[in-house]
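What follows draws every value from the coordinates through simple rules; no lab data is involved. Quick caveat: nothing in here was measured; it's all calculated off a predicted structure. Note that we place each Cβ from the backbone using ideal geometry, even for glycine, and neighbour counts take in every protein chain shown.
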Amino acid sequence: MSTILLMVLTIAVGAWTAFADEAPIAGTVKTVDVGAQTLTLEVASKGKTREVIVYMKPGAKIVRFIRPTEPGKTGFIEQEVPLSAVKVGWIVSATTKHEGDREVAEQVKIVVERSL
């Protein structure tokens with residue numbers, strides 16, 4: 001009985017960890033290091049603020065959403081931008097995975113473009 005309970009708990013914790021690993025990290029861009037391929041984000045959670053370094057995975061996309069310029073098209077379209085286009089003060093959402101002690105981004109979405 002205890003072995004079955006231990007197995008169920010192990011599976012539940014593993015599933016929760018996998019789910020938590022998929023949660024996007026949203027925050028304000030504090031620094032952009034094109035050479036190191038990183039973004040440092042100021043992230044607020046549970047009333048506390050912390051800085052998170054997000055490493056860009058090779059081939060990762062950074063996208064912004066813009067209105068189409070073609071007549072008759074509505075809504076928004078994705079526009080891919082280079083890391084060098086991201087500015088301090090912008091709010092982004094990064095889909096990351098844990099690789100060791102690093103947060104490695106597969107995609108970064110620009111949520112708000114603002115200047116400080």
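What the table shows:
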quantity	calculated
Highest average packing first - 102-115, 77-90, Cβ atoms within 10 Å	102-115, 77-90
Which listed pairs, of Lys73/Lys97; Lys30/Lys57; Lys30/Lys97, have C-alpha distances above 23 Å, in listed order	Lys73/Lys97
Charged-residue dipole, Cβ positions (Lys, Arg, Asp, Glu), the range 24-112 about Cα centre, Debye nearest 20	240 debye
Per-residue ³J(HN,Hα) for the range 47-56, Karplus 6.51 cos²θ - 1.76 cosθ + 1.60, θ = phi - 60°, Hz, x for Gly and Pro	x, 10, 10, 9, 9, 10, 8, 10, 8, 7
Hz values of 3J(HN,Hα) by residue in the range 24-35 - Karplus curve (6.51, -1.76, 1.60), Gly and Pro given as x	x, 9, 10, x, 8, 5, 9, 9, 10, 10, 5, x
Derived scalar couplings ³J(HN,Hα) [the range 58-65; Karplus, 6.51 cos²θ - 1.76 cosθ + 1.60; whole Hz; x for Gly, Pro]	x, x, 5, 9, 10, 10, 10, 10
Distance from the range 33-65 to the range 69-116 (C-alpha centre basis), Å	10 Å
